[in-house]
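Asker: Got a structure for you, questions after.
The values are calculated or read from the model by the stated rules, or taken from the named source; none is laboratory data. In this text, all values refer to a predicted model and were calculated from it rather than measured experimentally. Positions of Cβ are backbone-derived with ideal geometry, glycine not excepted, and every protein chain shown enters the neighbour counts. We work out accessible area using only protein heavy atoms, side chains counted, and drop any ligands, DNA or RNA first. Shrake-Rupley method; radii C 1.70, N 1.55, O 1.52, S 1.80 Å.
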Amino acid sequence: MPATPALDGLPAAAPAEPFGLRIDAPSGDDRLTGLPVPALREAVRAHRLVLLRGFHAPDEPEELARWCRTWGEVMTWPFGDVLELREAEEPTDHIFDSSSVPLHWDGMYKPLIPELQVFHCVRAPGGSDGGRTVFCDTVSLLEHCPPEVLALWRRVTVTYRIRSVVHYGGRASSPLIVPHPRSGVPTLRFNEPPPQDEPDFLNRPAHAFDGVGDEDVPALLAGLRDTLHDPRFLLAHTWHSGDVLIADNYALLHGRERFTSRAPRHLRRVHLLGDPAFANPAVA
Ligand SMILES: [Fe+2]
């Protein structure tokens, strides 16, 4: 990776592929909490994703939440500020299973949409266990989209329904293309249908499409699938224990590849609200 100059007090950073920025701890005793938050925030906003590797991260969820509050307002969920993402003994929703998680944006069923996601990998699965988190840069995707495809997608609104069995659910209705709440650039909002080859997928969402005929929905879905998984726009992140990754939830979609059941995959996630907080137009 070619190094880039330090960004406003951050250690040397290098571009990630196909997007994002990676910052490695310069020594073995650098602490996450020693990094300048304003510079980190600007780096995330500019690059849409920043990976911090090798820094000492907080051991306890409360400490992680405390650091996140130095960024701004944390979005609190029924479970608190920190989501413990690991496979449940008896999952009722795909989030807490070892299945894949289709691409989506966080907060899609909630009154507020968080601007940023902060992930801390407490324990990474083994190298052959799967479980990568995938991020799609929808701003770049739309910049490269053929005009006729863009014209079709601009006409389409998707309504999603899912049972509320864990911490989210209900109904959300969003155009495929909406402006980024901060910058105004076009972004794509889509929750992919679960893959057909996972019949055991827990808590499937239902989709309804407006702006496209029923007979044209399969071609629309195939086009979305091919584009969203185009390697020019999709970053598949292999977790290392201790990784901290911060992502722009307004610009990106994210999901998970399936992993070996009972593999030791443990992530923590905190949501940071925008300033001002962004009211979710999909549930208005
Ligand atoms: Fe998510």
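Asker: How many percent of the accessible area of the range 13-283 is carbon or sulfur, using a 1.4 Å probe?
Answerer: 51
Asker: Taking every DSSP beta bridge that has both residues in the chain, what percent is antiparallel when rounded to the nearest 5?
Answerer: Rounded to the nearest five, the antiparallel share is 90 percent.
Asker: Once you have the Cα-Cα distance between residue 215 and residue 39, take 0.36 nm times their residue separation minus that, and quote the gain in nm to one decimal.
Answerer: Separation in residues times 0.36 nm, less the Cα-Cα distance, equals 58.5 nm.
Asker: Another question about this same structure. Could you pull out the chymotrypsin sites (Phe, Trp or Tyr not before Pro) across the range 17-83 that fall in loop regions by DSSP (anything but H, G, I, E, B) with no more than 10 other Cβ atoms inside 10 Å?
Answerer: Those satisfying the criteria are 79.
Asker: Mind ranking 189, 22 by accessible surface for me, highest first, 1.4 Å probe?
Answerer: These residues rank, largest area first, as 22, 189.
Asker: Calculate the FRET efficiency for residue 17 and residue 63 from the Cβ-Cβ distance with a Förster distance of 41 Å, rounded to the nearest 0.05.
Answerer: That pair, residue 17 with residue 63, gives E of 0.85.
Asker: In whole Hz, with x marking every Gly and Pro, tabulate ³J(HN,Hα) for the range 277-284 from phi via Karplus 6.51 cos²θ - 1.76 cosθ + 1.60, θ = phi - 60°.
Answerer: These are the phi-based 3J(HN,Hα) values: 4, 9, 6, 6, x, 6, 10, 5 Hz.
Asker: What is the mean projected area of the alpha carbon convex hull for the chain, to one decimal in square nanometres?
Answerer: 14.8
Asker: Still on this model: Cα axis of helix 217-228 to longest principal axis of the chain: angle in degrees, 0 to 90, nearest 10?
Answerer: Compared with the principal axis, the helix lies near 20 degrees.
Asker: Let me ask something else about it. Starting from the amide H of residue 204, placed 1.01 Å from N in the peptide plane, find each other amide H under 5 Å away whose residue is 5 or more places distant or on another chain.
Answerer: none
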